[in-house]
Each structure stands twice: as structure tokens, then as C-alpha cells.
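The values are calculated or read from the model by the stated rules, or taken from the named source; none is laboratory data. Worth saying up front: this structure is predicted, and the values here are computed from it rather than measured. Cβ: placed from backbone, ideal geometry, glycine included. Neighbour counts: every protein chain shown.
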Amino acid sequence: MYDTPLIGPYSSDDVLAREPDGSRTARQFLSDVVRLAESLPDRLTVINLTTSRYEFLVGFAAAILRRQVTLLPQSRAVQTLRRIAGDYPESYALTDRDDRVEGIESVAIQPLKGLAPWPGEIPLVPLNQVVAIAFTSGSTGQPMPNKKTWGALTAVAYATGSRLGITGGDRASVVATVPHQHMFGLEASVMLPIMHGLVMHAGRPLFPADILSALADVEGRRILVTTPLHLRACVTEGVRMPPVGLILSATAPLSQGLAQEAERHFHTEVHEIFGFAEAGSVAERRTTAGNSWRPLEGVRLQSSEMGWTVQTDYLPVPVRVPDRIAVDAQGLFVLHGREADQINVAGHRVSLGDLNQKLLEIEGVQDGVFYLPEEGSDFVTRLMAFVVAPGKTSEEIQRALRTHIDPVFLPRPLVCVPSLPRNATGKLPYESVHELARQWLQVRATVHERVLSISHDHPSLAGHFPGYPVVPGVVLLNEVLETLRRGSATSLVVKGLPTVKFSSPLRPGEVVTIRVDEEGAGQAIFSCRVAARLVASGTIEFGPGAAAHMERT
Amino acid sequence: MEHSESRPLEQEVSNLIVQTLKLKIDSATIQPEAALFGDGLGLDSIDALELSLAISQTYGYQLKSSDPDIKAIFSSLRALANAIVKHRTK
């Protein structure tokens, strides 16, 4: 195995990156890398959490020179980081200056200053050196490591560049909305620019106005590396953008309609990358030109007993494609949906089995299942979850989940149910969960409303309070429950009021509007208002009558 | 409290948040001073992006991360309503 240079065709004074306070030349970069490499602790693995894309790159390169492997966790959830640090005890975290990860040795990246002379030779990296490990979620709940060699990352960068007509010394600038710790972000917003001598914008713009100013910050041909979500936002907002030479989108399928709108809006071609953490980027298409994906140079698709696999010179073993695909005679392919256990929310791929496992690990949860409703909107479709946890509220479970899973996967909503529709063998068929979700989504719209007032001579008002009559909370709550009972088709028993909040006093004679939203599965939320003023709000748990139709017999 | 002119807007923005993000809560239960992101309502950056679009379309106010007080603006319902009052163009 031979060695290749750390960066592509730059001269000493060529701009390599653009930070908010100015440019970083290639000479500055190498000087920053060498300096940081000298000060890194003597460990085997590093979790690089730096916010600036440039500082991430400096940390990544310095780690490579020190033969340290950069770990790419799926999320910044503290629990995820600790689990990975537990699996790789030789780890430390490289963080921003005012950031530390509790429970993990943290090294803050220092303000970089000083400039070393341009070295006679750019540092070389062996092609077979493992430089990164990307984690994917396994169905067992354990993160699965995917080793990335320098050879794999550089090969993908060259193959992507040659497919998109990005040539050495193009001097284009790359602006990216995707995180650099994500596999696609690492490939398209870090490796692609540095292998081709491009300028990397260090920011990570979120809102359309941010994308506009990031694009305006850079010169020359602009390449925007982004996702369907950001494209949808830009098109909807209608912000006029500076000329863009190329858009590269990944992480979720882009619809033909949005691709056409984006091409019109940005006056440029929109290309998509198909890939997955196990193999990296494997194929490309111009979305408006058709549905077929064209494998990148060097990528071969092979049919095997475990389904379609990707084979390349840089992957040690064939890697299974996690989506169902159909390959034609020319070697192009189309996607036919995902494998049952694998889902993707906003570009984060996860195994449902993994999420279910984490849900079951929460104290007080007896049973539970995640479900991804059919995609329907232009925006991100969120997961929902059904949980059996007597005595727990959905807020409590949600709070516990937040420390265990990437926030993007937090269920909206999390519904507490008396039991899950498991079959005789204890299995939970997908169709049953699908039906449960369908029923839940259908009944959630049931709203009951009553308008009433408590008269001045109501018996409860005696002595409550002299000279300042206020309707006691219990009287109001009784009316709330009555609203639910009257509105409900079947008889029901109220089990409790897990949360109740009295926001302002209700005086006798005031006209109050009581609204109860039946959420299905024995839950309802209510509010009481006098005009716009909130008097009381909270949640009701009831059963089994009204909730009986949710249970399977 | 200063910025009392934003109070009537709080309920409106609260409704906008619940509808846009399809949250399973009554908009009346969003506390004006409670955190919207992280430990509060638990919103994330995708929500921020969706919410910014809805705000831009409803009030003509385009949010920007480089606004020096962007963190403060998104810190609570009240702060967000105040910012909308200050910057709205429709």
C-alpha cells in the first residue's frame, strides 16, 4: 500500500477554507494541523465534536498524522457519546473552547495562531490507514462500527468529483448545510473540497437567510452540499440566491417536483448522491433526468443470497445495500423502498429494532414499539411510539428517551396504551402496529367543547372566598370530565388527571369555554378559557369503555 | 413586564408552533417563559427550520442564525413573540 498526500492541488497561498473572520490558506492549514498534532493526547481514538467545519478538518488531519482514528457518533446525545467512549476506552473528545462532554476526557481546540513555513512536502497518509469509524444503529441496540480507510475516503472523493465534473484546481467553493460528523458530510463537504483543491466554507448554515449569506461569503463557482429539507426551505422562502454552480443533495430522497423547483430557483443542476454509512457514497443521479441511479466509478453491484451488495477496491468485504433495489442491464438501479427494519428520519438512518430496544430499557416501560407513519408531506415525517407503562406519563418517558436516542427520533407523539396488539406467539406484526397507528391518528381529532358559567349561588362558593368569590378548581374539573363524558360515544371511567394546571382564577358568572381533545388510547387533553385567558389546562386518563376499541381481542 | 404588546401574540405564535410541528399538546400548555428547545419542549434544528418558514410566511420575518441574539429569540415563546413584534413586516 502506498501513501497519498493529505490535501490535493493547493499552492501555499491558495485559500483552503473560509472562516467568519477570514480565509485560511493551505499554508495556514498545514501549520495549524502540525501544531495541533503535537499537542493531542497520546490516545488511539478521538470523538471530534468541533462546530467549525475548518476546525473539524484540522482536528481530523492532526489525528490522522498521529495515527488516531476519528469516531463519528450518530448523534451528540450524551448517552451515545458515553457508550462509544465505553466501547473505545482509549478515546477523548475534541471540542469547542467553551464545550466539554461530561464523563469523557475533553480537549478543547485552542485558538490557532502562528504560521509555520510551507513544508517541502505535504504529509503523506497510507491508503490502508483506518482514519475514521462511522457508527450505524444495529437491530440489537448496539452501535455498529464501520471502519473507513484513507483509501476509501479519497477514492469516493475522486469518483464523486469526476462524475460531477469537478477538476483539480477548479477553485470552486463548497458551502454545506450538512453536519461534517455525518458520513455524507465528511465525504462531500470535507474530503471532496480538500482532495480537489477547493475552498471549504467553515459554517453550517441552517435557515435560508443563512444559506444566502454563506453563499455570498465565497467567491468563484459555488457548490451547495445540502438536503431536500434545506432545498424545500429555500424554495418556499423564495430568497434570491447568488449564482450557484452545482447543488449536491443527499440524506433523503428528493422528489422530482422539488428537484425541478430547486433547479429553477437556483438556476443550476441538482444532483443527488445515494449512499449509506457502511459503504459511503455509491451512486449519483441528476434527479430531474430520471429515477435511475448511476454507480460511481469503481462501484460494482453484485447479487448475492443476502441481496444486492456493493463491491469496490477499497472495501475489504462486499457490503449489503440496506434498501431494496432493482438493477438493470446497464448497471443502473432504482430504489424500491427500504428494508422493514431500517428507517430514515431527516437523513438519520436507524434500525427500528434498536429504537425499540432503547425504549424497553427505560424504567417503568413494560412494552413499547416505534412506528413511522407513511410519508406524506414535503417536510420530515416523525416517528410515533406506543408504550405500555402503567403509572408513567408520556412526558416522563419522553424525557427519559431524550438521553438515550438522537432527538430526531423522539416520537411525536408518544402514546401510552394499556397493551400492544401482540399475537399468540408474542410477536407484534407490522400490520397490527400500522392499524393501531391508523386508528389513533383517526380518533385524535375528536374534540368536545362546552360553554358554561358557574352561577353566583353555586353551593361551593360559600366561603370561597369572602368578598372575592372564586370557583373552586374541583368544580371546574368536574365540568371538564362532564364535557368528556357527554361527548364520548361510549361510557367511560376516568382513571386520573396526571397533569392539571390552574393558570388564573375563574369567577362566578364568567363564561368559560371548556375544550377536551380526545387523543385516543385513553388519553385526552383539556383547556378552559375565558375569552383568550387561560384558566386551566391538563391531561385526563380514562378507560376502559371509550378506549376498548383500541385493544385487540 | 416590558414588551407587553407581544402578549396577545403569544397565544397566536403558540398555536403556530403546535400546528406547524404537529405537537400533541394544547397550545395553551406552552409556558411563555419555558425553553422551547432542548429540555423544554424538546425541539430540534429541523423544527427550527420548519418554524422559521412558518414565521416568515405568517409575519414576513426571516430568521437568521447570525442574528446576535438568535439563541435568545428561540429561548422561549415570549422571546419569540417579542422578536416577531419587533421585526414583523405583515
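Numbers for the structure displayed
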| quantity | calculated |
| --- | --- |
| Those residues of the range A:34-49 which are touching a Phe, Trp or Tyr at 6+ places or on another chain (Cβ under 9 Å) and either among the aliphatic types (A, V, I, L, M) or crowded, with 23+ Cβ neighbours inside 10 Å (or both), in sequence order | A:40, A:44, A:46, A:47, A:48, A:49 |
| The range A:519-538, subset over 21 Å from residue B:8 (Cβ atoms) and surrounded by 21 or more Cβ atoms within 10 Å (Cβ to Cβ), residue farthest from the other protein chains (Cβ to nearest Cβ) | A:522 |
| Residue check, residue A:363 farther than 26 Å from residue A:258 by Cα and part of a loop (DSSP other than H, G, I, E, B) | yes |
| Residue count, the range A:506-518 (criterion: under 14 Å from residue A:473 (Cβ atoms) and within 9 Å of chain B (Cβ to nearest Cβ)) | 0 |
| Strands (runs of 3 or more DSSP E) contained entirely in the range A:1-114, each with at least 1 residues that are under 17 Å from residue A:182 (Cα atoms) | A:45-48, A:69-72, A:91-95 |
| Positions within the range A:239-255 being buried (at least 17 other Cβ atoms within 10 Å of the Cβ), away from every other protein chain (no Cβ under 14 Å) and among the polar types (S, T, N, Q), in sequence order | A:249 |
| Which listed residue, of A:80, A:70, A:167, A:160, is surrounded by 15 or more Cβ atoms within 10 Å (Cβ to Cβ) and at pLDDT below 95 | A:80 |
| Hits in the range A:187-238 - residues which are over 22 Å from residue A:22 (Cβ atoms), in contact with a strand residue (DSSP E or B) (Cβ under 9 Å, 6 or more places away or on another chain) and of a type in the set (Gly, Ala, Ser) | A:188 |
| Residue in the range A:96-127 that is surrounded by the most Cβ atoms within 10 Å (Cβ to Cβ), counting only those that are within 15 Å of residue A:37 (Cα to Cα) and of a type in the set (Val, Ile, Thr) | A:109 |
| Breaking point among (1) modelled with pLDDT of 85 or more; (2) more than 20 Å from residue A:172 (Cα to Cα), for residue A:263 | (2) |
| Strands (runs of 3 or more DSSP E) wholly inside the range A:282-331 that include at least 1 residues being out of contact with any Phe, Trp or Tyr (no Cβ under 6 Å at 6 or more places or on another chain), farther than 22 Å from residue A:162 by Cβ and among the hydroxyl-bearing types (Ser, Thr, Tyr) | A:300-304, A:307-311 |
| Count of the range B:4-32 residues which are within 17 Å of residue B:55 (Cβ to Cβ) and either more than 11 Å from chain A (Cβ to nearest Cβ) or at pLDDT 75 or above (or both) | 17 |
| Selection count, the range A:243-268, where residues are over 22 Å from residue A:167 (Cα atoms) and not in a helix (DSSP H, G or I) | 5 |
| Answer residue from the range B:46-82, given it is over 13 Å from the mean Cα position of the chain (by Cα) and either closer than 19 Å to residue A:231 by Cβ or within 7 Å of another protein chain (Cβ to nearest Cβ) (or both) and is surrounded by the fewest Cβ atoms within 10 Å (Cβ to Cβ) among those | B:66 |
| Residue list for the range A:483-505, filter: more than 14 Å from chain B (Cβ to nearest Cβ) and part of a loop (DSSP other than H, G, I, E, B) | A:488, A:489, A:490, A:491, A:492, A:505 |
| Filtered residue count, the range A:465-490, keeping only those that are farther than 15 Å from residue A:540 by Cα and in contact with a helix residue (DSSP H, G or I) (Cβ under 9 Å, 6 or more places away or on another chain) | 6 |
| Residue satisfying condition, being surrounded by fewer than 19 Cβ atoms within 10 Å (Cβ to Cβ) and either hydroxyl-bearing (Ser, Thr, Tyr) or not in a loop (DSSP other than H, G, I, E, B) (or both), within set A:451, A:470, A:516, A:480 | A:451 |
| Count of the range A:216-227 residues which are within 14 Å of chain B (Cβ to nearest Cβ) and within 20 Å of residue A:14 (Cβ to Cβ) | 1 |
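This table checks each residue for (1) in contact with a Leu (Cβ under 8 Å, 6 or more places away or on another chain); (2) assigned to a loop (DSSP other than H, G, I, E, B).
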residue	(1), (2)
A:154	yes, no
A:159	yes, no
A:175	yes, no
A:178	no, yes
A:186	yes, no
A:191	yes, no
A:206	yes, yes
